[in-house]
1. Among the residues of the stretch 39-83, which ones are within 21 Å of Asp752 (Cβ to Cβ), of a type in the set (D, E, K, R) and in a helix (DSSP H, G or I)?
2. How many residues does the stretch 558-580 contain that are in contact (Cβ under 8 Å) with a residue 40 or more places away in the chain and either surrounded by fewer than 21 Cβ atoms within 10 Å (Cβ to Cβ) or in a helix (DSSP H, G or I) (or both)?
3. Residues being on the phi > 0 side of the Ramachandran plot, in contact with a Phe, Trp or Tyr (Cβ under 8 Å, 6 or more places away or on another chain) and surrounded by fewer than 20 Cβ atoms within 10 Å (Cβ to Cβ): count how many of those fall in the stretch 74-128.
4. Could you tell me which of the residues Asp752, Asp757, Asp731 is under 24 Å from the mean Cα position of the chain (by Cα) and acidic (Asp, Glu)?
5. For residues that are under 28 Å from the mean Cα position of the chain (by Cα) and either buried (at least 21 other Cβ atoms within 10 Å of the Cβ) or among the small types (Gly, Ala, Ser) (or both), tally how many sit in the stretch 543-557.
6. If I filter the stretch 706-718 for residues that are under 30 Å from Asp152 (Cα atoms), under 18 Å from the mean Cα position of the chain (by Cα), buried (at least 20 other Cβ atoms within 10 Å of the Cβ) and touching a residue at least 12 places away in the same chain (Cβ under 8 Å), do I get at least one hit?
7. Go through the stretch 648-673 and give me each residue that's surrounded by fewer than 19 Cβ atoms within 10 Å (Cβ to Cβ) and either of a type outside the set (Gly, Ala, Ser) or touching a strand residue (DSSP E or B) at 6+ places or on another chain (Cβ under 8 Å) (or both).
8. Residue under question is Ser461, and the condition is that it be small (Gly, Ala, Ser) and closer than 22 Å to Asn396 by Cα; does it hold?
Amino acid sequence: MKRRLILLTVVVASAAGAGYWYVHAKLPQRAGEATVPGLSAPVAVRYDGRGVPHLQAANETDLYRALGYVHAQDRLFQMELIRRLARGELAEVLGSKLVPTDTLFRSLRIREQAARMAARADPQSRSWQALQAYLDGVNSWQSSHPRPVEFDLLGIAERPFTAEDTLSVAGYLAYSFAAAFRTEPALTYIRDQLGPDYLKIFDLDWHPDGALRPALAASDWRSLENLARLSHEAVGDAGMAQFEGSNAWAVAGSRTRSGRALLAGDPHIGFAVPAVWYEAELSAPGFNLYGHFQALNPFALLGHNRDFGWSLTMFQNDDVDLIAEKTHPDDANQVLVDGQWHRLERTEQQIAVKGEAPLSITLRRSPHGPIVNDVLGDTAGATPVALWWAFLETDNPILEAFYQINRADSLDKMRAAAAQIHAPGLNLVWANAAGDIGWWAAAQLPIRPQGVNPTFILDGSSAQADKLGFYPFSANPQQENPASGYIVSANYQPPAAMPIPGYYNLPDRGRQLERQLSAAHVKWDLDNSQALQLDTRTDYGPRTLAPLLNTLRQVAEGVEQQELVEQLAAWGGDYPLESTSATLFNQFLYELAYAALHDELGDTWFQALINTRAIDAALPRLAAEVDSPWWTLRGSPQPTDRTAIVRLAWQRSLAHLRELYGDDPGLWQWGKAHTLSHNHPLGQQKPLNLLLNVGPFAAPGSHEVPNNLSAKIGPAPWSVNYGPSTRRLIDFADPAQALTINPVGQSGVPFDRHYADQAEDYVQGRYRKVQMGVIPAQSTLRLVPAR
């Protein structure tokens, strides 16, 4: 027995030691010296207390090569996964369940567009040379270090990263912004299958002659249902972050305590591990920038220095049209466009599948664009549905645009750089130390025929799908140094000289920001700007409830239920952790939507609709419309009205919350029901979830409040799926003391000390100081040329 215990101890100790050295070999190197081929001179990389690298190089080429090297050692798996997602290559490492996602992304033709963009790039331009240097740095690290843990678990073979990978990721970014895949099929179904009265809650004009001709068959509607579902699930199945919305504002010096401009920004993106942004400070002769970088992109999408800074929000313009093609009665591979029959182009591709034979797919294309419902295979309807997408139809020199944005220290330079962004549509909110503030809605906006509503699927055999060109950038919404002294951007529909169709967010969040920023007596500084970014109030709940309160008073049974209704009536729309009214309202909102809409839409269309922004605007209108046809419950033995549906939703809400949290409504706190977890792409598999995921944390805030920690409409409990991907505050009186926070940590390497070291601060609403220039380094890594 003694010998066996000794042997067991030795085995356990050996395994623990082997595990320690295995993990240790995967950790980033942040001190000492490392050789990087291609450098012309040493580069100093000083790491601060959050693990953020501050790079000092003798020239720009070395600077970007070093950035690629240090970015790769912290985020190589993120780089690998995002390029595979964008290019439709996930099934090769994640297996057959990702074949639908790969097929969808192949059908979007992102790979082909990336190849075209790379072919027309100027190889002598500084932006292209910077990109190549960065990729050289990424590949240098990859070829000289042990593979990340995730590569070992999945059996990923090392493969060099290319410019086409980076440009493909730009395509993924554009796709992530597009809401058309989910919204247009759902609203077209409601228009054509349910009728015009059902569209009233969406505030859309209905044109009787705008329905598709010929009408879609039942198999086509099932196909579109599946397309909407696949579009929604594709990114989530891969464990990647999707771009959802954002806040940004700039305040002129006349309105700040310091007398200098102030910039705030918090882009709203899906949560994941690692976080979407990689922070780094870049310094070389004539150039300095503290930036937030996306995987495989050497140019910061968010950034600032002592002279200027900018943030981004989604423009939300509709740059995607789904087009139903009319096929020839004798040849399904011919479609009618501009009065002539055109044969669909066909290409064959193979998708590599882990552990299985490659899968052959056929991709088709019409004159309007790629056919996207072919991704559904045998379940696709007979009607081909084409995709017109601005990303595929414009030159879109987006890398050159952000190279210039990283250096744009004047209004004129920023305006010129913004004009080069064609897709996705972005709002750039900018400020500088000289006191200027500006906002530009950056996108190439298509000119559609008069009267065409691209909210619906268009008829490819008519002129509906035609594009008459693009508006000039000067016509885009924009502001420079407005008399108000401030600019707000929060994804709502901007004022414009011409109609700009889009999938805009509700104005509630923007109104909450506007209400406070417009207060003439307030002088803005970093302290009250933090409070505004962390604000958890919205008008949405109270204005949705207002027309229903009398009905709720009628249907509430007993003293306790009457008290709950009065608490809701008094509720101000705030979402702190201790609120019980917030929990009750959100459960009731879901039950109301389900009781009113599900019987008409069914499982798939209902789920598709409640995952769109259209539902946010529809529910308050539905609540206020007493005679809406949605109040009729199909299949009910008795006629129903709003009162009957409200009663059903109310009783279901109470029953569900009692089942989850007990009979005492005082226990229904928002912090119990609303939680944030940061999930690693491999964290879906147990027990890897315990090692790789971060959380859960009780989360304040909600959908469409400034602290936009959002969960899907659904039954409690609610898992936050997106929110501020960083919070940034910069007072140009002292930009070196700007504030920021990362939702998880700077490193994407499991077991690294910076893997999740900011997660608790983030959810608690705390900030860390951005350090710029000569910093008190925690450690220094010296990158040197190969001898």
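1. Passing the criteria: Asp74, Arg75, Glu80.
2. 6
3. 0
4. Of the residues listed, the single one that is under 24 Å from the mean Cα position of the chain (by Cα) and acidic (Asp, Glu) is Asp757.
5. Step one: of the stretch 543-557, the residues under 28 Å from the mean Cα position of the chain (by Cα) are 543-544.
If we keep only those that are either buried (at least 21 other Cβ atoms within 10 Å of the Cβ) or among the small types (Gly, Ala, Ser) (or both) too, we end up with 544.
Number satisfying all stated conditions: 1.
6. No, that holds for no residue.
7. Listed by number, the residues that qualify are Gln651, Arg652, His656, Arg658, Glu659, Leu660, Asp663, Asp664, Leu667, Gln669, Gly671, Lys672.
8. no
The values are calculated or read from the model by the stated rules, or taken from the named source; none is laboratory data. Bear in mind that the values here come from a model prediction, so they are computed numbers and not experimental data. Ideal geometry is used to build each Cβ from the backbone, glycine not excepted, and the neighbour counts take in all protein chains shown.
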